[in-house]
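Written below as structure tokens is the structure these notes are about.
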């Protein structure tokens, strides 16, 4: 097998604990302010991991480091055993990303946005058309393929961004506050779709959020607060270890905050 998927289709993890994503001792500063302080955690293959933190916790900074928008100056980041600093091409090929700010071209059609992304990944036009059609059907946007992106709803735009992130068939998907600004139904639809990707396609997901109701009791969880990891593990275990009665109370004890933003408005 050759082409963009040659090494991805049969990919096996060789990082710590067979991790899809391994964050090891990562720190980052903006001048004198330390945004991340010795952050370490892993995301297992074919799993859903929630990264929970209030605004300012460091979630977006961490995503910028994982995606190489910022250079890693302290620590190490590995994706399926490929170091993001030493082997960025192989690492990034295995990852898809949905950032919090919208990154679609509003004046292009739905299909044109996907085809442009496919071209950046070296996917030929025929394969790009097939993959675009498949992803749009999977996410429920096949009937909007020719529509201008500016004519889509906020939820539809988010679904399109997820479809775009999956075009090159990554084994790891990162989503940074993917449901911000959406209504309850759109939030549920997107979260449900992402969870199905884990269950049906074996994709590893890191879901960054500040909303407690997007996290299930059996999820893997990393609690990030003021740039430091305060807890990691299964939600139920974290709640039990803090003697909390739910995730909200456990988070409050771990961070010393009132956790005032636990659900969507």
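The values are calculated or read from the model by the stated rules, or taken from the named source; none is laboratory data. Keep in mind the model is a prediction, meaning the values are calculated, not measured. Every residue, glycine as well, gets a Cβ built from its backbone with ideal geometry; the counts of neighbours run over all protein chains shown.
Scan (1) exposed (fewer than 15 other Cβ atoms within 10 Å of the Cβ); (2) over 21 Å from residue 109 (Cα atoms) for the single condition residue 150 breaks and write down its number.
Only one criterion is unmet by residue 150, namely (2).
Does residue 226 fit the bill of being in contact with a strand residue (DSSP E or B) (Cβ under 9 Å, 6 or more places away or on another chain), outside the structural domain of residue 153 (by TED's automatic domain parsing) and surrounded by 19 or more Cβ atoms within 10 Å (Cβ to Cβ)?
Answer is no for this residue.
Report the residue count in region 139-179 for those that are touching a residue at least 40 places away in the same chain (Cβ under 8 Å), over 23 Å from residue 213 (Cβ atoms) and not in a loop (DSSP other than H, G, I, E, B).
Adding up the residues that qualify gives 8.
Looking at region 104-132, I want the residues that are at positive phi and have a partner that is crowded, with 19+ Cβ neighbours inside 10 Å and part of a loop (DSSP other than H, G, I, E, B) with Cβ atoms under 9 Å, at least 6 apart or on another chain. Which pairs are those?
The qualifying pairs are 122/168.
Of 85, 71, 89, which residue is over 21 Å from residue 148 (Cα atoms), part of a helix (DSSP H, G or I) and either assigned by TED's automatic domain parsing to the domain that holds residue 129 or at pLDDT below 95 (or both)?
89
Listed here are the residues, each with its yes/no results for (1) at pLDDT 95 or above; (2) outside the structural domain of residue 223 (by TED's automatic domain parsing); (3) farther than 21 Å from residue 201 by Cα; (4) touching a helix residue (DSSP H, G or I) at 6+ places or on another chain (Cβ under 7 Å).
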residue	(1), (2), (3), (4)
5	no, no, no, no
9	no, no, no, no
22	yes, no, no, yes
28	yes, no, yes, yes
39	yes, no, yes, yes
49	yes, no, no, no
53	yes, no, yes, yes
66	yes, no, yes, no
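Among residues belonging to region 180-215 that are in a loop (DSSP other than H, G, I, E, B) and under 19 Å from residue 135 (Cα atoms), point out the one that is farthest from the chain's Cα centre (by Cα).
Step by step, filter region 180-215, then rank; the result is 202.
Consider region 128-146. How many of its residues are more than 23 Å from the chain's Cα centre (by Cα) and surrounded by fewer than 15 Cβ atoms within 10 Å (Cβ to Cβ)?
4
Which numbered condition trips up residue 128, out of (1) over 26 Å from residue 207 (Cα atoms); (2) modelled with pLDDT of 95 or more; (3) in contact with a helix residue (DSSP H, G or I) (Cβ under 6 Å, 6 or more places away or on another chain)?
Answer for residue 128: the failing condition is (2).
Out of region 31-42, which residues are free of Cβ contacts under 8 Å to residues at least 12 places away in the same chain and in a strand (DSSP E or B)?
Hit for region 31-42 is 33, nothing else.
Under 7 Å between Cβ atoms, at least 6 apart or on separate chains: pull out the pairs that start in region 43-63 with a residue that is without any contact (Cβ under 8 Å) to a residue 24 or more places away in the chain and end on any residue that is surrounded by fewer than 18 Cβ atoms within 10 Å (Cβ to Cβ) and not in a loop (DSSP other than H, G, I, E, B).
Within 7 Å, no pair qualifies.
Six or more apart or on different chains, Cβ under 6 Å: which pairs go from a residue in region 216-231 that's in a loop (DSSP other than H, G, I, E, B) to one that's crowded, with 17+ Cβ neighbours inside 10 Å? Could you list them?
217/235; 219/48; 219/50; 219/235; 227/35; 227/36; 227/58
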